[in-house]
Each structure stands twice: as C-alpha cells, then as structure tokens.
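Enquirer: Could you have a look at this structure, given as structure tokens, before my questions?
The values are calculated or read from the model by the stated rules, or taken from the named source; none is laboratory data. Please read these numbers as outputs of a predicted model, since none were measured by experiment. Note that each Cβ is placed from the backbone with ideal geometry, even for glycine, and that neighbours are counted across all protein chains shown. Side chains are part of the model used for accessible areas, which takes the heavy atoms of the whole protein and leaves out ligands, DNA and RNA. Shrake-Rupley method; radii C 1.70, N 1.55, O 1.52, S 1.80 Å.
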Amino acid sequence: MTLLKLFDTLYQKLLSDTTREKSERVILLIAIASFVIHLIIIYLVDFEIITPNETSELLSNPIAAIYTPFSFILLYEVYLLIFYLPNSFTTYIGKQYEIMTLIVIRRLFKDLSNLTLTTDWFESKYDLQFTYDLATSILMFFFIYLFYLQSKIRYNAFSVDKVHIAAVSRFVKIKKVLATSLVPVFVILAIYSFTNWFIETIYRGEKSISSFSNINNIFFEQFFTFLIFADVLLLLFSFFLTNEFHKVMRNSGFIISTILIRISFSVTGILNNVLILCAIIFGLLILVIHNRFEKRIALEKKALMIPNETSHNLLK
C-alpha cells in the first residue's frame, strides 16, 4: 500500500493537469528560443564565424531551423502520450500516430532545405523523399481523423455490476503506475538524445556521423521500444478486466501497430513511409472491426429487453 501511495503522489506531481499546463508553457518558450538560436548558428556558420568540422544538413539552410522547435514540440507530444495513457487506451494509441505525423512534418522542413528543384525531380533522392513525406503526411492526417471518429463511437452497456466497476478501478491504477514509470524513462532519454544532438550539430566528425546519423533513432526508436513493453503489460493486465475476444483483439492489434511504428525507425526512404502508414491503417481497421463487434453485442443485449418479434427484426 505504501508503494501504491508513493506512485499516486508521483502521478499527481508528474501527470496532473497543472503539471501539463506548466510543461506546455515551458516547452513553447524553449521551442521559440531554440528556433532563434538555431537561426543564429546557421548565419554564424554562413559568415564563417563558426567553422564546424563538417557542415550539417541542419546548418545549411535557414528553413532547417524549423526542425529544432519541432523537436521540442514532439517532446511535449510524447509527454501528452504518457499523460493520456491512464485515461484512454485508444487516445493513447492515437497520440502515437500524432507523434509519427509530426515526425514526418518535421522531416519535411529538413527535406525543403535539401530540394534541388531541377527537371530531374525523380532522380534526386532528396526530391523523392520530399514527395514521399508530403503524400504520407496528408494520408496520415486523414487516417488519424478517421481513427478518432471511430474512437468516439459508443454503444450502451446497459448494466455494469460492482465487480466490473472495481476491476476497472484497479486497471486504471495499474495504468497510472505504468504512466508514472514512463516519465523518468522519457526524461532520461530526452536529455541524453538532445544533448548529443546539439553537440553533433556543431561538431560532426566522421566517427560521429556513422554513430549518430539520425536523431529519430536515438530517442524515438528507443522510447517506442519501452512503449511496446508497456503495451504488452497493459494487454496482460487487461485480462483481469475482460476476456472478450473483440477487446483482446483490439488491444493486441494496437500492440502490433506500435511494433510497426518501432520498426519504421530502422529503415529509410519509402519503406519508412509505408511502414508508418501500415501501422496507422492497421490500428484503424482493428478499431473499426472492434466497433462492429460492440454494435452487435449492444443489439443482442437490447433484444433481450424487448418483445421477441422486435428483437428478431433488430438482429437481422
């Protein structure tokens, strides 16, 4: 009980509405400051006041400076993902999709700074990547819209006994413990990755280029690995709440969606975009089918409460 009280206290301090609002203001200020600092560094490099070992893509064009504030905004989105974990599993998964969309949008600003704008558009890897990312971001935006539409669909449960209410309460407590445990993981990974990113942006040697080629692989790839572990634990604990097939399939499908996102960080080019889209589409289809199950079950329960003739028509 003492351990649970400790986690509850930490949860109130780290993931309360007040903390979320304060974090939002701090992150926005940091994002604005980082944008200005990045611009200053780009112009210092341009005027050869600063001479890094090798010019980074993020220091070659002022447009690339937008990449930095987006990185901090993404950090806040990751915090929101953890924040919504105890409230709704579906919203938690939706936040994962939002994060991936913002990662692609952030990459678009980097792509813009590398555009060649020649007649040989489809022969330039930078122009092709920009095309892939542009199309992917639009499709992701649309599929996330559909996902949230499906997540709002609710069907009457009619009666909920005290045992079920107690089980839900225990499950929420478990999710709060998991969310609280993810906060230090998030902070440590964020500090490590962004400290190294800043150093590598200024001073890039040949050795560091190979070991630190993509910031996504340093923070998001590792963080999504922890999310997979958290999702699996949630799935296992959810069996104490329900063993209904369609709910087990929904939760299992969401884990597969997270795994596909995690795999997407290991590849580049169009395959990266395809895997991200597959993850979102898979999650959307799982939710659509789950809702069809819920609708059928709701109709069957309603049929038990009305005359046989009417119930026969409802179940057709």
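Enquirer: Scan segment 229-248 residue by residue and report those that are of a type in the set (A, V, I, L, M, F, W, C) and open to solvent by 50 Å² or more (accessible area, probe 1.4 Å).
Expert: Taking segment 229-248 and keeping what is of a type in the set (A, V, I, L, M, F, W, C), we get 229-230, 232-237, 239-241, 245, 248.
Listed by number, the residues that qualify are Phe229, Val232, Leu233, Leu236, Phe237, Phe239, Phe240, Phe245.
Enquirer: So, Asn251, is that one open to solvent by 10 Å² or more (accessible area, probe 1.4 Å), not in a helix (DSSP H, G or I) and not aromatic (Phe, Trp, Tyr) or not? Reasoning before the result, please.
Expert: Working: open to solvent by 10 Å² or more (accessible area, probe 1.4 Å): yes; not in a helix (DSSP H, G or I): no; not aromatic (Phe, Trp, Tyr): yes.
So Asn251 does not fit the description; no.
Enquirer: While we're here: Suppose the filter is part of a helix (DSSP H, G or I), more than 19 Å from the chain's Cα centre (by Cα) and modelled with pLDDT of 90 or more; does Val232 pass it? Lay out the reasoning, then the answer.
Expert: Numbers: part of a helix (DSSP H, G or I): yes; more than 19 Å from the chain's Cα centre (by Cα): no; modelled with pLDDT of 90 or more: yes.
In short, no.
Enquirer: Return yes or no: is Thr242 at pLDDT 90 or above, within 30 Å of Glu294 (Cα to Cα) and not basic (Lys, Arg)?
Expert: Values: at pLDDT 90 or above: no; within 30 Å of Glu294 (Cα to Cα): yes; not basic (Lys, Arg): yes.
Judged against the criteria, Thr242 is not a match.
Enquirer: I would also like to ask the following. Taking Phe198 as the residue in question, decide whether it is open to solvent by 50 Å² or more (accessible area, probe 1.4 Å), in contact with a helix residue (DSSP H, G or I) (Cβ under 7 Å, 6 or more places away or on another chain), modelled with pLDDT under 85 and hydrophobic (A, V, I, L, M, F, W, C).
Expert: On the way: open to solvent by 50 Å² or more (accessible area, probe 1.4 Å): yes; in contact with a helix residue (DSSP H, G or I) (Cβ under 7 Å, 6 or more places away or on another chain): no; modelled with pLDDT under 85: yes; hydrophobic (A, V, I, L, M, F, W, C): yes.
No.
Enquirer: Which pairs have Cβ atoms under 6 Å, sit 6 or more apart or on different chains, and link a residue in segment 75-92 that is touching a residue at least 40 places away in the same chain (Cβ under 8 Å) to one that is aromatic (Phe, Trp, Tyr) and open to solvent by less than 20 Å² (accessible area, probe 1.4 Å)?
Expert: Hits for this filter: Leu85/Tyr92.
Enquirer: Another question, then. Please tell me if Tyr126 is modelled with pLDDT of 90 or more, open to solvent by 30 Å² or more (accessible area, probe 1.4 Å) and of a type in the set (Ser, Thr, Tyr).
Expert: In short, no.
Enquirer: Give the residues of segment 77-116 that are open to solvent by 10 Å² or more (accessible area, probe 1.4 Å), within 15 Å of Ile138 (Cα to Cα) and within 11 Å of the chain's Cα centre (by Cα), sorted by residue number.
Expert: Glu98, Thr101, Leu102
Enquirer: For the condition at pLDDT below 85 and under 17 Å from the mean Cα position of the chain (by Cα), what is the one hit in Ser71, Ser60, Ser56? Break it down into steps so the answer makes sense when it comes.
Expert: Details: Ser60 fails: under 17 Å from the mean Cα position of the chain (by Cα); Ser56 fails: under 17 Å from the mean Cα position of the chain (by Cα).
Matching residue, one of Ser71, Ser60, Ser56: Ser71.
Enquirer: Still on this structure, please answer the following. Out of the residues in segment 11-23 that are open to solvent by less than 70 Å² (accessible area, probe 1.4 Å) and in a helix (DSSP H, G or I), state the one that is farthest from Pro69 (Cα to Cα). Steps first, answer last, please.
Expert: Narrowing segment 11-23 to residues open to solvent by less than 70 Å² (accessible area, probe 1.4 Å): 11, 14-16, 19-20, 23.
Now narrow it down to the ones that are in a helix (DSSP H, G or I): 11, 14, 19-20, 23.
On the way: Tyr11: 27, Leu14: 23, Thr19: 21, Arg20: 18, Ser23: 15 Å.
Ranking the candidates gives Tyr11 first.
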